[in-house]
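The values are calculated or read from the model by the stated rules, or taken from the named source; none is laboratory data. Since this is a predicted model, take the numbers as computed values, not measurements. Glycine also receives a Cβ, built like all others from the backbone with ideal geometry; neighbour counts cover every protein chain displayed. In case anyone asks, the SASA skips ligands and DNA or RNA and just uses the protein heavy atoms, side chains included. Shrake-Rupley method; radii C 1.70, N 1.55, O 1.52, S 1.80 Å.
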Amino acid sequence: KARNIDELRQDIDKVTSLLAGHMRLNLHETYGEFGGQFVDRDQVEVKHFQGWMEWAKERNMKLDFNSTSFSHPKSGSLTLSNPDKSIRDFWIEHTKRCRRIADAMGAYQGDPCIMNIWVHDGSKDYTVEKLRYRQILKESLDEILAENLPNMKPCLEAKLFGIGLEAYTVGSHDFYAGYCAKNNVIYTLDTGHYEPTENVSDAVSALLLFVPELMLHVSRPMHWDSDHVTLFDDNTRNLFSELVRADALDRAHIGLDYFDASINRIGAYIIGVRAAQKSLLQAFLEPLDTLRKYEDEGKLFERLALLEEAKTLPVGAVYDYFNLKNNVPVAEDYLAEVEKYEQEVLSKRN
């Protein structure tokens, strides 16, 4: 794994060299450059990400951002919903500062920085204070989002439950769907944050009627929220199909939220990006006008037949041509490059 920022950037450069298309990079606050000094979460500043902004601009890459409320002595079970004002204020200040960093990123790159807010707040066992914690979270978010920052867009992410906090999640789907709809805030759909039997793509068309935009965190849950490497599977394809069918690509921001340290990290990133690109491509290739015509005319047999035929359209050949035109490896040709990088670079990191 990368042991420092320089090695992380080296890995990202390797990944993007093997992928076609323009990429954005989403950073957590913990990836700041702190110069070996301890900077607590409520003291983080724009200067700690100036290097990232310059690095990304050199590569014509835009940045997005996340606040980071976990893995900290003050994280506990409750952060922005904590009744303890001192802890709550600490996380409010952290999130406010992250919004200002995102705004600076957006201004620097000439494109709004999308900043995601997710907190793990909840309870391991049954609680009688569900309403109280949600009232506090609402008030915290109201304070955080009050500042007008024109170069960033905030989004809020719900979750089903957290490990160790299984009984109750403050920031549930119902809470954030209501908050985002009422306050005109972007809603974040993480494909790993819902019941395993739910088809998250079904939420796309419903939410788009009430929120301005969607942020997508595309992962592959194994039973629940384990963030395995994204694949060209039904769930991923369905998600992108809904975006195209709803004509909502201009209202959606696509992020790949996955990680698997059990395999080569470079390979994991490449597999995931290519799976997302193929899923989007298949959605573009779908004979949508004809399918809509069949549906409007009540030709349900014809609609189903064409949907079945569309599954074996030559997506692979079109995707191979896309990569060929962009001078990156076609099909499995990238394997040799990743293996070479593992031998020459990754294996030497102790």
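See the values below:
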quantity: Dipole of the chain, positive direction: furthest Cα of Pro329, Val315, Tyr133, with charges on the beta-carbon; calculated: Tyr133
quantity: Segments 209-219, 65-75 sorted - mean Cβ within 10 Å per residue, highest first; calculated: 209-219, 65-75
quantity: Alpha-carbon centroid distance for the pair the stretch 191-213 / the stretch 307-350, whole angstrom; calculated: 30
quantity: Relative contact order (%) - criterion: Cα under 8 Å, at least six apart; region: the chain; calculated: 14
quantity: Partners for Lys278 among lysines (Cα-Cα distance below 20 Å; same-chain residues under 8 apart left out); calculated: Lys311, Lys325
quantity: Label point distance in nm, Asp13-Lys340, each placed 7 Å from Cα along Cα→Cβ; calculated: 1.6
quantity: With every protein chain in place, the chain: carbon and sulfur % of accessible area (1.4 Å); calculated: 51
quantity: Burial order of peptide ranges 260-269, 166-175 (average beta-carbon count within 10 Å, highest first); calculated: 166-175, 260-269
quantity: Amide proton proximity set for Ala158, modelled H, under 5 Å, gap of 5+; calculated: Thr188, Asp190
quantity: For the stretch 204-298: relative contact order, % (alpha-carbon pairs under 8 angstrom, 6 or more apart); calculated: 33
quantity: Where Phe301, Phe322, Phe90, Phe284 fall by accessible area, highest first, once all protein chains stay in place (1.4 Å); calculated: Phe301, Phe284, Phe322, Phe90
quantity: Computed over the stretch 180-230: relative contact order in percent, which uses C-alpha pairs under 8 Å that are six or more apart; calculated: 44
quantity: Per residue accessible area of the stretch 1-96, 1.4 Å probe, in Å²; calculated: 49
quantity: Distant-in-sequence amide H partners of Tyr168 (H built 1.01 Å from N, under 5 Å); calculated: Ser123
quantity: Test item: Cα-centred dipole of the chain, Lys/Arg +1 and Asp/Glu -1 on Cβ, debye; calculated: 600
quantity: Distant-in-sequence amide H partners of Asn26 (H built 1.01 Å from N, under 5 Å); calculated: Asp64
